[in-house]
1. Kindly indicate which of 212, 257 is surrounded by 16 or more Cβ atoms within 10 Å (Cβ to Cβ), within 29 Å of residue 57 (Cα to Cα) and more than 16 Å from the ligand (Cβ to nearest atom).
2. Given (1) surrounded by fewer than 16 Cβ atoms within 10 Å (Cβ to Cβ); (2) among the hydrophobic types (A, V, I, L, M, F, W, C); (3) in contact with a Lys or Arg (Cβ under 6 Å, 6 or more places away or on another chain), where does residue 170 come up short, assuming only one miss?
3. I need every pair where a residue in the stretch 71-96 that is charged (D, E, K, R) has its Cβ under 6 Å from the Cβ of a residue that is at pLDDT below 95 and part of a strand (DSSP E or B), sequence separation at least 6 or different chains.
4. Out of (1) in contact (Cβ under 8 Å) with a residue 12 or more places away in the chain; (2) over 19 Å from residue 290 (Cα atoms); (3) acidic (Asp, Glu), the odd one out for residue 225 is which?
5. Taking residue 274 as meeting all but one of (1) over 24 Å from residue 62 (Cβ atoms); (2) more than 16 Å from the ligand (Cβ to nearest atom); (3) of a type outside the set (Ser, Thr, Tyr); (4) part of a loop (DSSP other than H, G, I, E, B), write down the number of the exception.
6. Report whether or not residue 158 is more than 16 Å from the ligand (Cβ to nearest atom), modelled with pLDDT of 95 or more and at positive phi.
7. Exactly one condition in (1) without any contact (Cβ under 8 Å) to a residue 60 or more places away in the chain; (2) under 28 Å from residue 346 (Cβ atoms) is not met by residue 214; state its number.
Amino acid sequence: MIARCSIVLVLAACGGAAPRPAPPAPAPVAAPAPAAAPETKRPEPTAPASPPTLSVRPDPAYIERTDGGQMLHCDIVIDNPAAVSRTITRLQVTAHDASGAIGYRRFIDGNGVSPAILTVPNREVPANGKILLFNPMPVFPQDLDITRVRFDIDFGEGPERTVSASVEVAPVVYQARARLQIPISGRMIVWDGHDLLAHHRRWDYLFEPIRAFGFVSNPARYSYDLVPVDATGAMANGDGARNESWIGFRAPVRSPAAGTITMVVDDQLDNRQFDMNELKRDLMVVYGNRIVIDHGNGEFSVLAHLAERSAKVKVGDKVRAGQVIASIGASGSAMFPHLHYQLQTSATGTAEGLPSYFNGFSRIRGTRRIAVSAGQIDSGEIIEAK
Ligand SMILES: [Zn+2]
C-alpha cells in the first residue's frame, strides 16, 4: 500500500523545440606573463547545470474516486540546487497501467495566445530554494487503470537553456474504512471543498510564514466547509456579521461514524478568530472549538469551528454514527458559521488528509433530487442529509 516514489532526473534541451545552447568556448590560454605584469583574470569554467529535484507528497499519494473522474490531489516539491532561479515552462503528466502501457497523457505549456502555463501560479523556483506545486492536472478518466503516474517538468533558465526533471509516483486508490455519513442534517451547500480551486486544497505548507509555525502537510487536503441553506440556497438572512443571521448557527453536529473521542475543545468564543500566539504551541487552534474522533484503522474525523460550550461528549467517550456531539459555530479561523469536516491520518495538526465518501445523502440538482448510496462531495454542490 505504500507508494514508491522514484526520482528520474534528466538534463535535456526542451523537446527539440528550443535550440540547444552552444557549447562553451574553450578558455583562452594565457601566455606566460612577465612577473611584474598584472594578473590576467581567467574566465570561470562553465559548471554543469544541476537540474531541480522533484518529490511527490503525500507519500502515499491517494486517488479519490468521484463522479467527475479519478482525482490525484498530490503536491510536487521542486527543489532547485542551482545558484540561478528556474521558471516552469512546461508540465506533462502521464499515467501508465499495471503492465506499464500508457493510458493517458496531457500537458500544459506556453503555446497559444493566452497559454495554459499561465494558470500555474508561482512558477519561479528561487536559486537554492524550494516551492510547492499543487498538481495542476488532477483529473483522470474514471475507467483508467492508474498504476504509475509520471510528472515531467521543463524549466527555463535564461532565454535558450532548458533543464528538465521528472518524478514518478504509484498512487493508491483510497477507500475510507469508516462508513461515514454527512455530519449535519438538512439541506446544505458545500461552500468550499477540496478541488483544485478550493482554499483547503491550496494550503502551501512550504510557504515560509506557514512552514515557520510547524506545518508540514495538508490535513485539509480532502476537507469540506458545510453551510446549511434554505430552499432558495441562501445561507443567511439579514446581517451576515451576526452569527444568529446564519441558518445553520447552533444546528446539531453529528458523529460521521462510530469511534472514540480523542479531543474536545469548546471554550473558544464564536468570534471568527484565533490566537496566533497559540498557533505556535498547537497547530489545531485554527479549527477553534473542535472534536476529534478516532475511527480506528488510522482514520480520524475532525469537526471544527464548533459553537462555544456546545460539546456533548468528552475525551474517551465512545460514540455511534449519527450521535449529536456539538453544534455549528464560528470559532477559530472561520469567516462565518459553518462546519469544517475532514478525515485525516492522526489526531494532530501534522496529519495528512484522507479522501472521505459519505453514505445515504441526496444531491440537489435544481428540481431534481438524486439519492446517493455512497459518494464523494465537493465545492459548489447542494446536498441534503437525514
Ligand atoms: Zn474549512
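The values are calculated or read from the model by the stated rules, or taken from the named source; none is laboratory data. Since we're looking at a predicted model, the values are computed, not measured. Note that we place each Cβ from the backbone using ideal geometry, even for glycine, and neighbour counts take in every protein chain shown.
1. 257 is the lone residue from the list that is surrounded by 16 or more Cβ atoms within 10 Å (Cβ to Cβ), within 29 Å of residue 57 (Cα to Cα) and more than 16 Å from the ligand (Cβ to nearest atom).
2. With (1) surrounded by fewer than 16 Cβ atoms within 10 Å (Cβ to Cβ); (2) among the hydrophobic types (A, V, I, L, M, F, W, C); (3) in contact with a Lys or Arg (Cβ under 6 Å, 6 or more places away or on another chain) applied to residue 170, the lone miss is (1).
3. Cβ pairs passing all conditions: 86/157.
4. (2)
5. With (1) over 24 Å from residue 62 (Cβ atoms); (2) more than 16 Å from the ligand (Cβ to nearest atom); (3) of a type outside the set (Ser, Thr, Tyr); (4) part of a loop (DSSP other than H, G, I, E, B) applied to residue 274, the lone miss is (2).
6. In short, no.
7. (1)
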